[in-house]
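A quick write-up on the structure given underneath.
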Amino acid sequence: MTLWTKIATISMLIPIFLTGCWDIKDIQDINYLTSIGFDYVDNEYIVHVQLLDFTTVAKMEAGKPAQPVPVWVGHGKGETVRSAVNDLYHSSQLRIFYGHINAIVVSENVLKKGLKEVNELQQRYYEMRYTPWVFGTREPIDKLFAATPFFNLSPMMSLLHQPQESYKQESHITPLTSREFVSNIHEPGKATILPSLSLTDRDWIKEREPHSMLEMNGVFVFQDGKYQGWLSAKDVRGLRWVEPKTNRSPIIIRKGDEPQAALSLENPKVKITPKMQNGNVKFSVDVKLSGTSSEILQPISESLMEQKAAELVQEEIKNTYRSGLKIHSDLLQLEHALYRQKNKEWKKITSDIGFKLTSESLNEIKVSVKLDNAGKLKLP
């Protein structure tokens, strides 16, 4: 046997010993979860999952689908979160993949009981990521997962999976990712504000029948990692003015009981200053906002609009602060500002008597509004 014959023979035999993809699965042979929810009822965990066909998510040249996109919602029960998830496997038909989960929803029952077991699943299971949006809810989770958006679009085009889109137009309750939630809840002196997801059928009608849509109707609040309670969207209207992520949010100026002008305020610049006075700490909050005039219904000067807008913002921040005190929470993140700026003083206060906010702790709220755009028309 010549040298070249030996080389050719060896070359033909080498592929036999190469490792191949013997256990590869085709993508159509896997169930992809897009949302997962956790509830606790009658001493049992209930895990709800939302399952979508990803061929309905991809953009098609033909346009919007003519038929509603099917949504599959499953649930499993068990003594622990893991056993509830395992219960799903009994009837799932195909392998379930968790890497595409884009939203996590947790019921108020679980928030009250504690998030330890839910966190165990997310932190230990390698397919679970920290990128999904996270919500709390008082609604049945399976109904939230079954809600469908406009025009037979995929549920991926909804508030559950894309909360940032509507937030860009009207910034009220800030969406929260799982990574941000875990980070905030372990920060000393930090209030973690979890958006509350609900269903409403008061706004939209489909074929003369009310159609349920998702909305954020409030927040669940944690203080120093402990669940404190739920507040409605009305209770926390001032949060938008102390949240740097706020893109734009509307406000109405009134003359008596009549609307005088409508403004959109944008991009708050927030500065919190703690000061020690006789062993107590007092806080000053300084907020600067820019904005545009959306409607002018009655004659009013630019300077008066700015003044009235600043007064309204100031009042909303005060009311939100009071709402937080009712559930022993620091919604304006005053303690966290003390922890960051005056750490020695914070350590002394928390080790001696413990940090506690009162109605007197908030010494001053300064708000300035600058209108830099009047739309396509000039100011009258």
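The values are calculated or read from the model by the stated rules, or taken from the named source; none is laboratory data. No experiment lies behind these values; they were computed from the predicted model shown. Note: ideal-geometry Cβ built from the backbone for every residue, glycine included; neighbour counts use all protein chains shown. These area figures cover heavy atoms from the full protein model, side chains too; ligands, DNA and RNA do not enter into them. Shrake-Rupley method; radii C 1.70, N 1.55, O 1.52, S 1.80 Å.
Assuming charge only on the beta carbon of Lys and Arg (+1) and of Asp and Glu (-1), the dipole of the stretch 232-380 about its Cα centre is about 460 debye to the nearest 20. Relative to one another, the C-alpha centroids of the stretch 143-213 and the stretch 277-332 are positioned 25 Å apart. In a DSSP loop and with at most 14 other Cβ atoms within 10 Å, the GluC sites (Glu not before Pro) in the stretch 182-272 are Glu207. The slack in the chain from Ile7 to Phe151, taken as 0.36 nm per residue of separation less the alpha-carbon distance, amounts to 45.5 nm.
Rounded to the nearest whole Hz, the Karplus-based 3J(HN,Hα) values (6.51 cos²θ - 1.76 cosθ + 1.60, θ = phi - 60°) of the stretch 222-228 follow the sequence 10, 10, 6, x, 9, 5, 10, with x at glycine and proline.
Taking every full run of DSSP H in the chain, the ones that stretch at least 18 Å from end to end by Cα along their long axis and average 0.5 or higher on the Kyte-Doolittle scale are 3-17.
Using the alpha-carbon positions of the chain, Rg (one decimal) and Dmax (whole number) come out as 26.6, 106 Å. Would the stretch 303-380 count as rounded, prolate or oblate if I go by the C-alpha gyration tensor, calling it rounded below 1.5 in a/c and otherwise prolate when a/b exceeds b/c, oblate otherwise? It is prolate, given that a/c is not under 1.5 and a/b is the larger ratio. Compute the Cα gyration tensor for the stretch 188-292, then decide on rounded, prolate or oblate, letting a ≥ b ≥ c be the square roots of its eigenvalues: rounded whenever a/c is under 1.5, prolate when a/b is larger than b/c in the other cases, and oblate in all that remain. Verdict is oblate for the stretch 188-292. Per residue, the chain exposes an accessible area of 58 Å² to a 1.4 Å probe, with every protein chain left in place. Basic side chains Lys and Arg get +1 at the Cβ, acidic Asp and Glu get -1 at the Cβ, and with that the dipole of the chain about its Cα centre reaches some 1220 debye. Scanning residues 5 or more positions from Thr148 or on other chains, none has an amide H under 5 Å from its amide H, with H placed 1.01 Å from N in the peptide plane.
Once the C-beta distance of Lys282 and Val182 is scaled by a Förster radius of 45 Å, the resulting FRET efficiency is 0.90 to the nearest 0.05. Remark: the Ser368-Asp352 segment gains 2.1 nm on full extension, using 0.36 nm per residue and subtracting the alpha carbon distance.
Given R₀ = 25 Å, FRET efficiency for Thr131-Ser232 by Cβ-Cβ distance, to 0.05? After rounding, the FRET efficiency stands at 0.30.
Shape class of the stretch 285-329 from the Cα gyration tensor (axes a ≥ b ≥ c, square roots of the eigenvalues): prolate, since a/c reaches 1.5 or more and a/b is larger than b/c.
For the chain, with all protein chains in place and a probe radius of 1.4 Å, 52% of the accessible heavy-atom surface sits on carbon or sulfur.
Taking every C-alpha pair closer than 8 Å and separated by at least 6 residues, the mean separation divided by the residue count of the stretch 218-349 gives a relative contact order of 25 percent.
A Gaussian network model of the chain, with springs between Cα atoms under 10 Å, assigns the largest mean-square fluctuation among Glu315, Glu258, Glu108 to Glu258. Farthest toward the dipole's positive end in the stretch 234-331, which of Ser301, Pro274, Ser290, given Cβ charges of +1 (Lys, Arg) and -1 (Asp, Glu) about the Cα centre? Looking along the dipole axis, the top candidate is Pro274. Among residues other than Lys342 with Cβ under 14 Å from its Cβ, the summed charge is +4 (Lys and Arg +1, Asp and Glu -1).
A Cα-only calculation for the stretch 250-327 places Rg and Dmax at 15.6, 50 Å. Summary value for the chain: 12 percent relative contact order, contacts being C-alpha pairs under 8 angstrom separated by 6+ residues.
Computed from the C-beta positions of Asp42 and Arg202, the FRET efficiency with R₀ = 41 Å rounds to 0.85.
Comparing Asn247, Asn86, Asn267 in a Gaussian network model of the chain, where Cα atoms under 10 Å apart are tied by springs, the biggest mean-square fluctuation is seen for Asn86.
For the chain, modelled as a GNM whose springs connect Cα atoms under 10 angstrom apart, the maximal fluctuation among Glu170, Glu316, Glu79 occurs at Glu79.
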